[in-house]
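First up is the structure itself, then whatever we jot down about it.
Just so it is clear, none of the values below were taken in a lab; they were calculated from the coordinates. Since this is a predicted model, take the numbers as computed values, not measurements. Virtual Cβ from ideal backbone geometry, glycine too; neighbours counted across all protein chains shown.
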Amino acid sequence: MWPRLVASKILGKRLGSSNFVADFPSLDPPSSSPDTIFSNHKATHNYRVFVSTWNVGGVAPPEDLDMKELLDTGNTSCEIYVLGFQEIVPLSASNVLGSDDNKISTKWNSLIRRALNNKKTGDKIHQHSNEEGKLSNDEKSSNSIPGQDFRCIISKQMVGILISVWVRSYLCPYIRCPSVSCIGCGIMGCLGNKGSVSVRFRLHETSFCFVCSHLASGGRQGDEKLRNSNVSEIFSRTNFPRGPSLDLPRKILDHDRVVFLGDLNYRISLPESSVRLLVDARDWNPLLENDQLRMELVNGELKGWHEGTIAFAPTYKYRPNSDVYYGCFHQSKKGEKKRAPAWCDRIIWYGTGLKQYVYTRGEENFSDHRPVKAIFTAQVGVLHSLKQFQSFFVSEKFDRITSQTDDFVCKRRSSFPI
């Protein structure tokens, strides 16, 4: 136990750091006023949320990588984008001990910014607003409609795990109390080569929590228990601040909208030869019936969570830069470990208020994993203040309505006999 305790003391502060990178380092909640205190008119808005997870196998993104294909920006338009990555840096002693090198995460964020804002060249995350609150030239060129460009509200790296959250800029004033919580579950049960980075924020009156995880690996019988243990630790050890009004949830499952994504590493409980034959035949049903994560969703550590229909090929394990699974009979080498294909990369959600429309995989192939992506609509509670109603009554729109009403009343009156 003592190595684990010592490591926890040394690394706890670094792995659990509440610092994160964002375009807006501090998003302070609006101050209370009589207008908000007496507000009681609540409406529901639906926002589209894109979520993806990708284990990139310790390979830095190529210079010519076009993230638009993964984000599908040409065919879909969402208000919130959440991208999770695993193994963004190669596994090494310095990385496991919590290296602060964020060059790779900066590169990934630059590629995301370029794709979302349709830029020709990437740039680093920086604060966009100037003293006058005007858009920079880069933003003006990236999107002709004010408020439609994307800003990063949270980007956090723990060793090889990275999560990056982007929203349309018109939503930024309604984002409150963003925070992060990092849990290491790796070597000695606490180092950051495995574990989770969870992010939380409130949009209008609804709290969101996204958990990006990399769970214990291994395809032997019983290895799924290690993954279940990781999940249990992530749920029990993750804590968020209560917020300035002490009204925000601290635990993952207490949030209104919760999504769990990552290389969850659950395998298929069948002999390797059977798995490969079924994969070659694209017969998914027998494979899914023996999928370890599906078993946990029905009656296990993740009971009560939801996952969309899987209608795509297993995402692990490929030979990099190819469409061939690692260890295939006709391409395996002598002494080479054979890892059976599996749906290691998953996106699941908890509770109500989320409806999934897309669940599929991407085909980028420089890693031994394929990325997985999902699109949801999320219900968000929006509180309309008295101030908003007051502004309507003094607006030009209200003047037009009342003038039209006056004209109608006058005409009706003129037709009445006196």
Task: Distance between modelled label sites at residue 377 and residue 322, nm, 7 Å Cα→Cβ extension - done: 4.4 nm
- [ ] Using label points projected 7 Å from each Cα along Cα→Cβ, tell me how many nm separate residue 19 and residue 63, to one decimal.
- [x] 3.1 nm
- [ ] Could you tell me which trypsin sites (Lys or Arg not before Pro) in the stretch 178-271 are loop residues by DSSP with no more than 16 other beta carbons within 10 angstrom of their beta carbon?
- [x] 220, 242, 250, 251
Open item on the list: Test of understanding: what is the full-extension gain from residue 44 to residue 272, defined as 0.36 nm times their sequence separation minus their Cα-Cα distance?
Closed with: 77.3 nm
- [ ] Scan around residue 366 for amide H atoms under 5 Å from its own, H built in the peptide plane at 1.01 Å from N, and keep only partners 5 or more places away or cross-chain.
- [x] 321
TODO: Please give the residues of the stretch 340-358, grouped as numeric ranges, whose backbone N is less than 16 Å from a label point set 7 Å along the Cα-to-Cβ vector of residue 312.
DONE: 342-349, 356-358
Task: Neighbour-count ranking [beta-carbon atoms within 10 angstrom, fewest first] of 338, 156 - done: 338, 156
TODO: Based on other C-beta atoms within 10 Å, arrange 172, 152 from fewest to most.
DONE: 172, 152
Task: Radius of gyration and maximum dimension Dmax of the stretch 209-307, Cα, Å - done: 16.5, 57
- [ ] Grab the beta carbon distance between residue 103 and residue 363, set R0 = 22 Å, and tell me the FRET efficiency rounded to 0.05.
- [x] 0.25
Open item on the list: To make sure I understand, if each residue's beta carbon is the centre and we count other beta carbons within 10 Å, what order do 295, 158 fall in, fewest to most?
Closed with: 295, 158
